[in-house]
Amino acid sequence: MVTENKVSILLGETGSGKSTQVAQYMYQAGLANNGFIVCTQPRKIAAISLATHVSQEMRTSVGQLVGYKVGMQIRQSHDTKILYMTDHMLLNECLKDENFSAYSCIIVDEAHERSIYTDLLLGMIKKSINNRPDLRVVITSATIDPEVFVDYFGTCPVLPVSGRMFPVDVTWTEDELTSENYEQEALDKTIEVHHIEEKGDVLTFLTSPIEVERCCNAFENALNSETDFICLPLHGRLQPIEQQKVFDPPPKGKRKIMFATNSAETSITIPGIKYVIDTGVAKKMQFDPKRNISALCVTTITKSSADQRKGRAGRTDAGKCFRLYSLDTYNDMARNSRPEILRVHLGHALLKLMELGVVPLDFDFVQARSA
């Protein structure tokens, strides 16, 4: 059983600052005196953009007081006290030190996404926490089910924090959601919004980098005689310098038209977005028992994902969300997605545990079986 003063659960609504402010509060409280404060993210782009944003708020440059470690990209110095990392990156550090000795505080952000690395990381944290009486753990999300983590860690405080959101009008379509024509419908709707709606940037959600690139090219070709926009892709395969373009203000007299994967769904705020176009689908890893493989499949998103997408339009101003599906489809959506570890072949998790030197049968999984 983990004592309540070691683990806290923060239910931070969109716009509450949970991804940017909590680490700063802990730094101001002196918790970085005995180790790094680390905030984990499911995606590289979120870790990099948050490190950049927090650096600006703390009036320093990236890699000084605030840094990041994602994949092969590391911005860190002797002065670094706050680190933004992916779940996978911090999990890999367990290979060298399973007690997280270099860290005084671990913030697991966007925990509701429950990637396989998030679940394994939480298990490693629980394993080490009784050996680290000084380690503090904060689990945060906008749409988390706190009971799962209260049951897992034992008695711990659950702290709700309200957010700051501007009103967002939602427009529904009468058609049912299909997995066949969403890309063309998204492109057509983006062109329509650009021509009809007043100034403000547009963000359209698609399911993969190739769809994002195709729609960017198709949009530019369809409006090649117009000069009042810049069209930008956003997905995890872009280099950081290319990803940064969506955060920069557009040239005067132009609006940003952005096509993105669900990497833009959480943890990042793109200034200027007034209109969101939600296709209602995303690609998720699923195990196919007939073929005995895990594959990326286009699936309907959850209500929490739909709400997160809508919230992208209400971060800095009032906006509109155009959902390319009906209200009935939304009502039929699951509240939250199933943890990835329950959707893919368990061999992936077992191999990772063996790499970490953990006996799989002894590992304390967050959810040992599907509900």
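From Leu206, Leu238, grab the single residue that is of a type in the set (A, V, I, L, M) and at pLDDT below 95.
On the way: Leu206 fails: at pLDDT below 95.
One residue alone meets the criteria, Leu238.
Would you confirm whether any residue within region 95-111 is in a helix (DSSP H, G or I) and surrounded by 18 or more Cβ atoms within 10 Å (Cβ to Cβ)? Checked against the condition, which is being in a helix (DSSP H, G or I) and surrounded by 18 or more Cβ atoms within 10 Å (Cβ to Cβ), region 95-111 yields at least one hit.
Condition first: among the basic types (Lys, Arg) and out of contact with any Cys (no Cβ under 9 Å at 6 or more places or on another chain). Now tell me which residues in region 128-164 satisfy that.
Result: Arg132, Arg164.
Hey, among the residues in region 282-308 that are small (Gly, Ala, Ser) and surrounded by 18 or more Cβ atoms within 10 Å (Cβ to Cβ), which one's farthest from Asp169 (Cα to Cα)?
The residue in question is Ala282.
Taking the stated definitions as given, is Gln24 under 30 Å from Gly314 (Cβ atoms), more than 18 Å from the chain's Cα centre (by Cα), of a type outside the set (A, V, I, L, M) and open to solvent by 50 Å² or more (accessible area, probe 1.4 Å)? Against the criterion (under 30 Å from Gly314 (Cβ atoms), more than 18 Å from the chain's Cα centre (by Cα), of a type outside the set (A, V, I, L, M) and open to solvent by 50 Å² or more (accessible area, probe 1.4 Å)), Gln24 does not qualify.
Taken as a whole, region 267-284 holds no residue that is in contact with a Lys or Arg (Cβ under 6 Å, 6 or more places away or on another chain), polar (S, T, N, Q), assigned to a helix (DSSP H, G or I) and under 30 Å from Glu198 (Cβ atoms). Within region 64-77, being assigned to a loop (DSSP other than H, G, I, E, B) and modelled with pLDDT of 95 or more holds for Gln64, Leu65, Gln76, Ser77. You will find that of Ala222, Ala218, the residue that is out of contact with any Gly (no Cβ under 9 Å at 6 or more places or on another chain), open to solvent by 10 Å² or more (accessible area, probe 1.4 Å), within 22 Å of Val298 (Cβ to Cβ) and among the hydrophobic types (A, V, I, L, M, F, W, C) is Ala218 and no other. Report whether or not Lys320 is within 15 Å of Gly15 (Cα to Cα), in contact with an Asp or Glu (Cβ under 8 Å, 6 or more places away or on another chain) and surrounded by fewer than 22 Cβ atoms within 10 Å (Cβ to Cβ). Considered against the rule, which asks whether it is within 15 Å of Gly15 (Cα to Cα), in contact with an Asp or Glu (Cβ under 8 Å, 6 or more places away or on another chain) and surrounded by fewer than 22 Cβ atoms within 10 Å (Cβ to Cβ), Lys320 comes out as no. Being small (Gly, Ala, Ser), within 27 Å of Val54 (Cβ to Cβ) and either in a strand (DSSP E or B) or open to solvent by less than 60 Å² (accessible area, probe 1.4 Å) (or both) is a condition met by no residue of region 324-345.
The values are calculated or read from the model by the stated rules, or taken from the named source; none is laboratory data. As the structure is a prediction and not an experimental result, all values here were calculated from the model. Cβ sites come from the backbone with ideal geometry, for glycine too, and all protein chains shown count toward neighbours. Just the protein is used for accessible areas: all its heavy atoms, side chains included, with ligands, DNA and RNA removed. Shrake-Rupley method; radii C 1.70, N 1.55, O 1.52, S 1.80 Å.
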